[in-house]
Amino acid sequence: MLDYLRKECRDSTGFVVPVPDRMIMQEQYELIDKLLETRELSKEEWIQVLENRNAASADYLFEKARRIREAVYGKDVYIRGLIEISSYCKNNCYYCGIRRDNRKAERYRLTPEDILRCTDEGWRLGFRTFVLQGGEDGYYTDDLLCDLLEKIKSRHPGCAVTLSLGERGEKSFRRLFEAGADRYLLRHETADSNHYAMLHPPEQRLETRKECLFALKRIGYQVGSGFMVGSPGQTTENLAEDLLFLKELNPQMVGIGPFIPHHDTPFGTCPAGSVELTVYLLGLIRLMLPHVLLPATTALGTLDPQGREKGILAGANVVMPNLSPVAVRKKYSLYDNKLCTGEEAAESLSALKERIHRIGYTVVIDRGDYR
Ligand code: 5AD
């Protein structure tokens with residue numbers, strides 16, 4: 001074990017005594033400074049910076065994270081209109097409420113016409129990025145999606161379209177890119193293959209997930225990855241691996257949010273992840289990837305009414321209000337109590353703007369591309 005990972009040391013007479021807090025604090029400041037300067041830490045250093053975190057190191061971290069975020073993006077907060085196009089999914093992720101085996105999940109899928117109506121409404125409200133997210137649903141063929149992408153782009157010239165439709169073949173990713181898709185979100189969920197196997201059935205493989213992510217980058221998408229914080233079985237070492245993987249992938253976007261149990265899944269009685277740890281990770285990711293587009297996620301807002309504000313004050317610069325038709329919103333139930341109304345809803349944008357304004361930031365009408 002590395003010397004500095006010890007939580008205790010010996011005094012001059014050989015007695016074991018706790019490491020003085022001041023020493024731990026000194027190490028925390030040094031690690032945060034190192035991350036700020038070199039944009040990377042070793043696995044052991046990631047573990048240490050996570051395990052010894054405290055309120056004072058969080059303040060120090062968040063102050064640095066805000067300074068970097070403001071140097072790159074100023075005080076702007078980008079909004080994305082999230083359209084949840086389908087609750088059908090062929091996958092069976094143990095954590096997810098719309099997993100294939102959840103017979104109680106209410107299924108729906110939006111037609112291209114439904115989706116176009118959402119984008120029209122979104123454009124009117126000031127959204128310049130639309131995120132089409134859904135379960136892995138064979139209804140959305142390449143032909144259907146290419147036609148839809150062309151229609152969205154011609155109705156709303158200058159908008160950006162992000163897809164978040166799970167794993168597809170490289171050929172499919174390429175066709176969608178050529179039809180106008182700008183960005184793709186595909187969280188890696190966990191970068192440790194053993195942990196991946198605890199969260200997913202055997203037919204889902206981390207390798208495939210990673211291959212998709214690297215293919216998306218090769219094609220030229222702005223790529224987003226990310227993971228859940230506090231998913232069942234997750235260790236600090238796993239989180240260190242997630243951060244090392246993100247460094248390697250170097251994505252333009254990173255989505256992280258706390259795990260929240262869904263009562264009709266195998267993880268229905270597992271405890272939720274921590275808001276405090278999620279926000280700390282947001283700060284660390286901002287230091288590691290200064291230009292990254294980093295949302296304060298819905299899951300963060302679901303667990304804590306101040307979650308989004310805390311995320312932004314830790315270095316996040318994106319929020320993704322729900323632009324799905326109100327009639328289907330409750331059916332896209334990834335986890336219990338998922339927000340879909342109030343400030344989470346696209347139609348309440350003015351309330352969201354007001355809240356962001358109160359913490360010193362500004363929601364802007366902009367595609368919000370990676371800089
Ligand atoms: N808690 C938190 N996040 C979840 N997701 C799916 N299920 C849950 C859950 N129970 C996240 C996954 C997925 C994204 C669309 O939603 O990380 O990538």
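The values are calculated or read from the model by the stated rules, or taken from the named source; none is laboratory data. Note that the structure is a prediction, hence the values are computed from the model and not measured. Here the Cβ positions follow ideal geometry from the backbone for every residue, glycine too, while neighbour counts run over all protein chains shown. Ligands, DNA and RNA are excluded from the accessible area calculation, which covers all protein heavy atoms including side chains. Shrake-Rupley method; radii C 1.70, N 1.55, O 1.52, S 1.80 Å.
Rounded to two decimals, the Cα radius of gyration of the range 277-371 over 2.2 N^0.38 Å is 1.09.
Based on protein heavy atoms only, the chain ends up with 42 Å² per residue of surface accessible to a 1.4 Å probe. The aspartates and glutamates within cross-link reach of residue 210, meaning a Cα-to-Cα straight distance under 16 Å and a gap of 8 or more places when in the same chain, are 167, 170, 189, 192, 241, 242, 248. Rolled with a 1.4 Å probe across the full set of protein chains, the surface gives residue 64 an accessible area near 30 Å².
When 90, 338, 75 are compared by accessible area at a 1.4 angstrom probe, the order from most to least is 90, 75, 338.
Surface composition of the chain: carbon plus sulfur atoms hold 52% of the accessible area, using a 1.4 angstrom probe and ignoring ligands, DNA and RNA.
Candidate cross-link partners of residue 338 among the lysines, defined by an alpha-carbon separation under 23 Å and a same-chain spacing of 8 or more, comprise 90, 104, 310, 330, 353. Rounded to the nearest 5, the antiparallel percentage of DSSP beta bridges internal to the range 74-364 is 5%. Every helix of 4 or more DSSP H residues in the chain counts as -39500 (n - 2.57), and over all residues that averages to -13000 deg cm²/dmol at 222 nm. Computed from the Kirkwood radius of its Cα pairs, the Stokes-Einstein diffusion coefficient for the range 163-240 at 25 °C and 0.890 mPa s stands at 186 µm²/s.
Taking the square roots of 5 times each eigenvalue of the Cα gyration tensor of the range 74-364, largest first, gives ellipsoid semi-axes of 25, 23, 20 Å. Counting every Cα pair in the range 2-69, what percent are over 16 Å apart? Of all Cα-Cα distances in the range 2-69, 50 percent exceed 16 Å. Dividing the convex hull volume of the alpha-carbon atoms in the range 191-283 by its residue count gives 104 Å³ per residue. When 205, 103, 109 are compared by accessible area at a 1.4 angstrom probe, the order from most to least is 103, 205, 109. The distance from the alpha carbon centre of the range 227-275 to that of the range 299-371 is 19 Å, rounded to a whole number.
For the range 79-179, GluC sites (Glu not before Pro) meeting the loop criterion (DSSP other than H, G, I, E, B) and having at most 12 other Cβ atoms within 10 Å: 106.
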